[in-house]
Every structure is written in structure tokens, then in C-alpha cells.
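**Student:** The following block contains the structure, expressed as C-alpha cells.
The values are calculated or read from the model by the stated rules, or taken from the named source; none is laboratory data. Not measured: the values here are computed from a predicted model. Here Cβ is always computed from backbone atoms with ideal geometry, including for glycine, and neighbour counts include all displayed protein chains.
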Amino acid sequence: MKPRKHLPQEELFPFVAMEKLIPEGHILRLIDRHVDFSFIDELVDHTYSEITGRPATDPELMVRILTIGYLYNLSESRLFEELQMHAAYRWFCNLGFNDPIPDRSTMNRLRNHRWARDGIFERIMQNVVRQCVIAGLVSGKHVTVDGTKIRANASVKSLEPIVIEVELNEYLDRLNLISPPKPADDKDFRGEKLSNDTHRSTTDPDARLYKKASGQEAALSYVGSYLIDTKSRVILSTNVTQPGIATEIDAAREMLDSLDASGLLPMVETLAADKGYGATEYVTDLIDHGIIPHIPLLSQPGIEPIPTWKTTTIIPERQKKRDEKVKQALARNYVRFLAHTRSYRTSQNQRKRIEHLFAEAKVCHGLGRARCRGLRALREQLAMTACVQNIKRLVRFLRRCISNVTALPPKSGSESLFLPGFQCLCSVLHIFSFFQIVHRPFINRFGIFSLRSIHIKYHPLSQDF
């Protein structure tokens, strides 16, 4: 029998439970269950006035909207269009079907003015990293650093010669010799040498001409850097630099110093990187901080002799330079010795995980090209992209841990009485292990040295169990 065609009819009193529309394993449901966004209110409290101004939009709502946009790689206009009609997005933002969504201009003001000046987005990422540490996902012992090229939101045709003040007579002479300029769409750079010293983009003045390797096309770009926990692939810190102004080594130093605020810096034992970070000054700084550098050197292979001098000196400046040369030679020989160890080969093999994170960020979250223009806007994009990637790792880890605990067979007799107390003890040890990371010198004064090892060995939710 031929089926009858279904004609839609509007219900008089429609009732839909939004909770039942979201599948149990949906990523937004898992994020809402495992990630705590309550820190947002305290984080941005100083950016609002308690007396003047109109009532502001809930900051946690705005962060949840931003999370959706970076998670699904949606542009700002597309994001608010989808938020208007997508049930899962509304449920994640705690909005009902009849609740109005915030205006798009509110997001623009927060991103470009109020929150951007105070580094709110970087602090949001740091809070997510702290949640990863508390959950036991991050150990911080072995870290990896690397950078990637991010194309600017500007065309090469926007490059214009840098204007230099000249005398009036010289300017008039140039006007007589130079033909009228062509329209912007018909620019022809043939035979003209473009460089960051002579040209600047009128669309994005912060962008610089850059190419990752020889033989590639130079384009207006930035360099985005990640510092990750190698084992868990959690991004611990991010940084954006301008090519030709700051190097990737400068970015790596800043990211490593930023770990001191989260308390992870004392836990770092090794740092892996490619040959671009193999400068003598950088590996010497790492050794001074007590970090083992698993980095190929830029200098020649083979053990080099320690420099000596035939005469002594009593001049302090000259003696300081000699001591520095000896120190650098010893550091290079130490790094060459490490290159023959098994741990070095393991670190270099696992270092490729950071390339996977860059590929994920560019393919799935739109990091291949800057969404907005300017260095500050790209820092926000990189921080929120890393935040979304960390959230995905955290949700997956906690979901796996919960499934492993629920899959354990029920105990009987004395074992059933012992297991809850043992799990409670492991939870207490886990809390103390986190405080050992954050306040390690304070805890060590009281002789608590082995809590971390006990937690890793016996905690049922640990990665190393």
C-alpha cells in the first residue's frame, strides 16, 4: 500500500525536553559533564563595573559560545546563525528554545577590547590545564616544544613600501619620474624585491613575510608555538611571534617561564625539540634550569676539546667571557653524550606528537589561517584553539577512566569493605600529589617526598596504573 504523505502540522502546545534530544555520548554533553566553567566569573570580575553601565551578558555563556565556535571551526557569523537553531548548542549554553541569544556585537566588544587587554583567553587555557593536572592527566616530566606557520588574514597585494620622510625637493623630483600608480587589483611585483625591511601590509601591519623552509613561497604569516606534555599531548602553553622580530627560541623561553605560574616548571625533567632549537645559548639555559635537553645541536658532531688559555688574566670581564666559553663547551659535549642514550631516541620519536596537534588544529579547528587581523587577535585564536584541544583530551581521559571503574567486577566479603577505603586513600594521595606539584618546596619541608610515586602506582584512575 502506498504510504500517505506526511504533512507537517504545528502543535498548539508543543512540549520538547531538550535534554532528551542530546545523545548520551555527544561531545558537548561530555564537556558539560567533565569540564568546570565556574572559574570564568571570578576571572573576569575585575573587567566589569558594579555601579555604572547596563547589565552585562553572562561571561560563562560567552565562553561556552566561543568554545562551540572553536570546537566546530565556525566563523563568528555562522556560529550565531547555528546557535539560533541548533538544539545541542542551546543546551550546552543553558539556553531554552525561547531564550534570546546574545548579540554578535557583544562578542566583538569582549574579544577586541575588554578581555583581550587583560589576557583573559590565555588564563582560560591555563585553568583548563590546571583541571588536566588535577585529573591526573598531566605529569609534566617530559615536554616538547615546536612552532608552526600560520597564514595571516591578508594578501601579498596589500604590501606597500614603507614611507620614509624625505625632503620636499627630493619628493618633487620623484613625482616627475614615477608614472601614475596602478589600481590595487592590478599590482605587479615582477622585478621588485619584497622584504620585511622595505614593505609593510596595509591590511595587517603586524604580519611579516615568512617561509618555513627554502623553496617554499613566502607569505604574510605568523609563527605559533606550542609547549606540550609529551605523554598526554596536553598543550601547556602557547605563544605567537612575528617572523624576523622574535625567534622560536624566544617563544620557547617565554612558554617555559609561564609554567612557573602553574607550578609545573619544577616537575619538568626533559625537553625535546628539533634542530632549530639547538643553539648553544638555549641548551645552556636549559641545563642551568635543571632540564635535560633532548635537542640536536646546530654545531658539528663529535666531542670538542675544552678551551684553555696559555696565560691567566685578572680582568673580570675577560675572565667572565672565558668561563662562559668553557661552560658552553661543556654543555655542548653533554648534549652530544645524551644523543647516544635510549631516552634521547625515545624523546625524539615521541616529539612528533606535537606535529599531530598542529595538524589537528589546522584541519579541524581552523588554525591554518588567522581568523582576525593583528597579533593580539591571533594570540586569542591560538589560546582558544589549544584550550579546545585540551578539553577534548581531558574529556576522553575522564570518560575512559569512568568506564574502566564501572567495568570492574563487584567484590564480595572483605574485599568489598576494603575497596572503598582504598579508593578514598588514593583520592587523598592524588590531591596531595597535586599540591606537591604546585607547592613543591613547601611540601618537601615536611618530608613528604613519595606521595606522587605512591599515587601513580596504586591509583586506579592513573594512566600509569
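**Student:** Where residues in the range 91-139 are over 21 Å from R33 (Cβ atoms), assigned to a loop (DSSP other than H, G, I, E, B) and hydrophobic (A, V, I, L, M, F, W, C), which of them is nearest to the chain's Cα centre (by Cα)?
**Tutor:** A116
**Student:** Any idea which of N333, N349 is over 25 Å from the mean Cα position of the chain (by Cα), part of a helix (DSSP H, G or I) and either modelled with pLDDT under 90 or not hydrophobic (A, V, I, L, M, F, W, C) (or both)?
**Tutor:** Going through N333, N349 in turn, just one is over 25 Å from the mean Cα position of the chain (by Cα), part of a helix (DSSP H, G or I) and either modelled with pLDDT under 90 or not hydrophobic (A, V, I, L, M, F, W, C) (or both): N333.
**Student:** Listed residues I40, I101; which is β-branched (V, I, T), modelled with pLDDT of 90 or more and either over 19 Å from Q381 (Cβ atoms) or loosely packed, with under 13 Cβ neighbours inside 10 Å (or both)?
**Tutor:** Just a single option satisfies the conditions, and that option is I101.
**Student:** Go through the range 40-69 and count every residue that is assigned to a helix (DSSP H, G or I) and closer than 19 Å to R111 by Cβ.
**Tutor:** The total comes to 17.
**Student:** Which count do you get for residues in the range 254-291 that are within 19 Å of N333 (Cβ to Cβ), surrounded by fewer than 20 Cβ atoms within 10 Å (Cβ to Cβ) and among the aliphatic types (A, V, I, L, M)?
**Tutor:** The qualifying residues number 3.
**Student:** For a quick check of your reading of the model, give me the residue pairs whose first member lies in the range 378-403 and is hydroxyl-bearing (S, T, Y), whose second is buried (at least 24 other Cβ atoms within 10 Å of the Cβ), with beta-carbon atoms closer than 6 Å and at least 6 apart or on different chains.
**Tutor:** Once the first residue is hydroxyl-bearing (S, T, Y) and sits in the range 378-403, its partners that are buried (at least 24 other Cβ atoms within 10 Å of the Cβ) give T385/Y70; T385/A361; T385/L367.
**Student:** Show the residue pairs meeting these rules: Cβ distance below 8 Å; 6+ apart or different chains; first residue within the range 324-349 and touching a residue at least 60 places away in the same chain (Cβ under 8 Å); second residue exposed (fewer than 14 other Cβ atoms within 10 Å of the Cβ) and among the charged types (D, E, K, R).
**Tutor:** none
**Student:** What are the pairs, 6+ residues apart or on separate chains, where a residue within the range 213-235 that is assigned to a loop (DSSP other than H, G, I, E, B) has its Cβ under 8 Å from a residue that is among the polar types (S, T, N, Q) and crowded, with 22+ Cβ neighbours inside 10 Å?
**Tutor:** T230/T144; T230/S347; K231/S139; S232/S139
**Student:** So, one more: Does R376 meet the test of being within 35 Å of the chain's Cα centre (by Cα), of a type in the set (D, E, K, R), part of a helix (DSSP H, G or I) and over 23 Å from N108 (Cα atoms)?
**Tutor:** Values: within 35 Å of the chain's Cα centre (by Cα): yes; of a type in the set (D, E, K, R): yes; part of a helix (DSSP H, G or I): yes; over 23 Å from N108 (Cα atoms): no.
So R376 fails the test.
**Student:** Also: When you check S225 against the structure, is it of a type in the set (G, A, S) and at pLDDT 90 or above, yes or no?
**Tutor:** Against the criterion (of a type in the set (G, A, S) and at pLDDT 90 or above), S225 qualifies.
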